[in-house]
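Here is the structure we will look at, set down as structure tokens.
The values are calculated or read from the model by the stated rules, or taken from the named source; none is laboratory data. Worth saying up front: this structure is predicted, and the values here are computed from it rather than measured. Heads up, the Cβs are rebuilt from the backbone with ideal geometry, glycines too, and the neighbour counts pull from every protein chain shown. These accessible areas exclude ligands, DNA and RNA; they are computed on the full protein's heavy atoms, side chains included. Shrake-Rupley method; radii C 1.70, N 1.55, O 1.52, S 1.80 Å.
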Amino acid sequence: MSKKTKAVIFIISAAFFFALMNTFVKLSGDLPAVQKSFFRNFIALIAAAGILKKTGLGFKPQSENIKLLIVRSITGTVGILGNFYAVGKLGLADASMIQKLSPFLAIIFSFLFLKEKVKLYQIFGVLAAFAGSIFVIKPGTDVDIFPALIGVLGACGAGSAYTAVRALGNRGEKGPVIVFFFSAFSCVVTLPYILFKYEPMTFYQVSMLLLAGLSAAGGQFSVTAAYSNAPAKEISVFDYSQVIFAAVFGFVFMGDLPDIYSVIGYVIIFGASAVMFFIGKSGNKKISRV
């Protein structure tokens, strides 16, 4: 199996887990975004620590990667807080639409900071997928501007974090180390708020946040593996499959049924993903014959 194929599988897996995470976060009710973020990252921290201990990889990152790991952690924390705040204040669909700016931004950041070239068909593929997500989500015109702007800030943070993960993968940093460092950083940053502003939770809310944390851990490991195996320009479009998963979870947990516009969006997203994948695969075959 090629690295690109592995990356596509991992990014779709990440989309599944992150859609599940957002669903549990929404079901947890009206809690501060910082408190939700702490639970999410604490579970990921435990999971990463367990993997590092079991595999014997060690907890210490490569010294030359410390600065980049800090950048990844800061931008990733901004991404989580922005997304959780938007999910709490906006409808799940509107918040998901804003979050889906992050793959597009990851391609831009990879071009600007990693100097990765972007082909024309890849640009059109991402734009088509983004258009399809709008059909599915149908953002309302009455979106409160402040939560929406915070959501956009979170998308920028996530896009930057994905770019940093790609750079770390190119430098040979192990995925579990990246996840552990980020999760520990985020927990430390949000811990003071938890200590002084903690809001009591019901058993149901704790359960939802624990499930959100487990889902986030799966998504975090998957997205780290994905961007470590392939550049953003080749796999970001597949992250839009999260829109499909969100629609399914919306029906299962909230009774939402897709309308004709959503179906059109599904076709566009799957079509864009398939076209990009096969064009890229065809291009790789031509190069290998040269």
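Observations
- Within the stretch 65-86, tally of residues that are open to solvent by 20 Å² or more (accessible area, probe 1.4 Å), touching a Ser or Thr at 6+ places or on another chain (Cβ under 6 Å) and of a type outside the set (Ser, Thr, Tyr): 1
- Among the candidates Gly157, Gly172, Gly151, Gly213, the residue that is outside any helix (DSSP H, G or I) and either surrounded by 24 or more Cβ atoms within 10 Å (Cβ to Cβ) or of a type in the set (Gly, Ala, Ser) (or both) is uniquely Gly172.
- Flag for Lys89 being open to solvent by 40 Å² or more (accessible area, probe 1.4 Å) and either without any contact (Cβ under 8 Å) to a residue 40 or more places away in the chain or more than 17 Å from Gly169 (Cα to Cα) (or both): yes
- Flag if Val165 is of a type in the set (Val, Ile, Thr), under 18 Å from Ile74 (Cβ atoms), touching a residue at least 40 places away in the same chain (Cβ under 8 Å) and open to solvent by less than 20 Å² (accessible area, probe 1.4 Å): yes
- Considering the stretch 48-65, and only residues there that are in a helix (DSSP H, G or I) and touching a residue at least 40 places away in the same chain (Cβ under 8 Å), the residue that is farthest from Gln220 (Cα to Cα) turns out to be Glu64.
Yes/no matrix, rows are residues, columns are (1) modelled with pLDDT under 85; (2) crowded, with 17+ Cβ neighbours inside 10 Å; (3) under 28 Å from Asp259 (Cα atoms):
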position	(1), (2), (3)
Met97	yes, yes, yes
Leu101	yes, yes, yes
Ala128	yes, yes, yes
Cys187	no, yes, no
Pro192	no, no, no
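- Conditions (1) within 18 Å of Ser37 (Cα to Cα); (2) at pLDDT below 85; (3) more than 14 Å from the chain's Cα centre (by Cα); (4) not β-branched (Val, Ile, Thr); number of the one not met by Gln220: (3)
- When the stretch 32-56 is filtered for residues that are open to solvent by 80 Å² or more (accessible area, probe 1.4 Å) and over 22 Å from Ile194 (Cα atoms), the ones remaining, listed by number, are Lys53, Lys54, Thr55.
- Unmet criterion (only one of (1) buried (at least 20 other Cβ atoms within 10 Å of the Cβ); (2) modelled with pLDDT of 85 or more) for Tyr198: (1)
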